[in-house]
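Read the figures in this text as sums done on the coordinates, not as results from a lab. Please read all numbers here as calculations on a predicted model, not as lab measurements. Note that each Cβ is placed from the backbone with ideal geometry, even for glycine, and that neighbours are counted across all protein chains shown.
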Amino acid sequence: MGESVPAPAKPAKIVSLIASATEIVCALGARDRLVGRSHECDYPPDILELPQLTEPKFPVEGSSSEIDKRVKAVVEEGLSVYRVDADALESLSPDIIVTQDHCEVCAVSLSDVEDAVCAWSGRNAEIVSLHPGSLADIWADIAKVASALGDPEAGETLIARSMARMETIAAEARKAKSKPSIAMIEWIDPMMGGGNWMPELVEMAGATDFLAKPGEPSPWVEWDDILKEDPDIVFVHPCGFDIPRTLQEMPILEAKPGWQDLKAVRDGKIFVADGNQYFNRPGPRVVESLEILAEIAHPDLFPPRFEGTGWIRYAGTSS
């Protein structure tokens, strides 16, 4: 009799507890191995059919100021912002759990996941924790996920393709005759600028970011900082908010002293973007985020491919 051939190993079952990681897993061709997701994972759309394993511990309705106060109250008590369904997670018996340790507020944290799996017996799930603070970190996280999935080549291919697309956009943006200044607003009340990888996107799009520095956390911003700079463009992309949700908050900005005197307001260059799908998700669609910025900064060079879906021009509450 010939030697027996060992049965092929079953593909690892994956749970992703951060939206950007879910997109990374799918872009790496492993969608069919996903068995669970977080409450924030919504792209690609068909992943909504997967079991939801997390939820926030506070009401997400209300103004940006009310949400901010609720989050800070939870954090100040030393508690996690999100709840992980440990029983449901264990029942799925995942081999790999992807989470993050970049922001305790943005998504389920590494400690949340460790607490949820600490009581498991007889099973060792690999926890892959991402920490994106810059474009280089995003590429490193893609490589980390690909390695965990046993397909580092897929990660290398995705990274190379993404970087090439971004360089094509940047090369076109370098043809521009000017570099407009942009106020990147990641949260409205209290006001926060767009940090981490976003200043890099602004630079690649052929513009200037004066509120944040590449690779550094998103900073709290004083309204006087905006008035003093008087930017060419105001770009509003609140974390977790889509365009309709952000439009509900825009009267807060319009009520600021000196709003109507801003150059960006006078020139009709106030833009609202989908900060839920783009910009605040450090995954494959960072490429599309760059393209959106390029469309806004240099409309003479970039056709408005994402207008109406990724961004809109804001003309005021009377529009």
Among DSSP bridges having both ends in the chain, what percentage is antiparallel? Round to the nearest 5.
30
Roughly how many nanometres apart are two label points built 7 Å out from the Cα toward the Cβ at residue 250 and residue 305?
2.5
State the answer as a single residue: which of 262, 197, 140 lies farthest towards the positive end of the charge dipole of the chain, with beta carbon charges of +1 for Lys and Arg and -1 for Asp and Glu, about the Cα centre.
262
Which angle between 0 and 90 degrees, to the nearest 10, do you get for helix 64-76 versus the longest principal axis of the chain when only C-alpha atoms count?
50
Need one number: nm distance between label points at residue 131 and residue 93, each 7 Å from Cα along Cα→Cβ, rounded to one decimal.
3.3
Taking the Cα atoms of the chain, report the difference between the largest and smallest coordinate on each principal axis, in whole Å and largest first.
84, 46, 31
What angle, in degrees between 0 and 90 and rounded to the nearest 10, separates the Cα long axis of helix 135-148 from the longest principal axis of the Cα atoms of the chain?
20
The stretch 139-211 - Rg over Rh from alpha carbon coordinates, Kirkwood radius:
1.12
Longest segment of the chain lacking trypsin sites (Lys or Arg not before Pro) that sit in a DSSP loop with at most 15 other Cβ atoms within 10 Å
178-304
In degrees rounded to 10, the 0-90 angle between helix 152-173 Cα long axis and the longest Cα principal axis of the chain is 10
Residue-by-residue Karplus 3J(HN,Hα) for the stretch 40-51, coefficients 6.51, -1.76, 1.60, Hz, glycine and proline x:
8, 6, 9, 9, x, x, 6, 6, 5, 6, 7, x
For the table 13/144; 228/269; 177/256; 228/256; 69/263, the rows whose alpha-carbon distance is greater than 23 Å are 177/256; 69/263
Selection from 301, 278, 206, by position along the positive dipole direction of the chain (Cβ):
301
Answer in debye to the nearest 20: the dipole magnitude of the chain about its Cα centre, from +1 Lys/Arg and -1 Asp/Glu charges placed on Cβ, is 620
Classify the stretch 113-272: rounded, prolate or oblate, from the alpha-carbon gyration tensor (a ≥ b ≥ c, eigenvalue square roots; a/c under 1.5 rounded; otherwise prolate if a/b is larger than b/c)?
oblate
Shape category assigned to the stretch 177-313 from the gyration tensor of Cα positions, a/c cut at 1.5:
rounded
At most 12 other C-beta atoms within 10 Å and a DSSP loop state: those are the exposed GluC sites (Glu not before Pro) I care about. Give me the longest piece of the chain that has none.
78-221
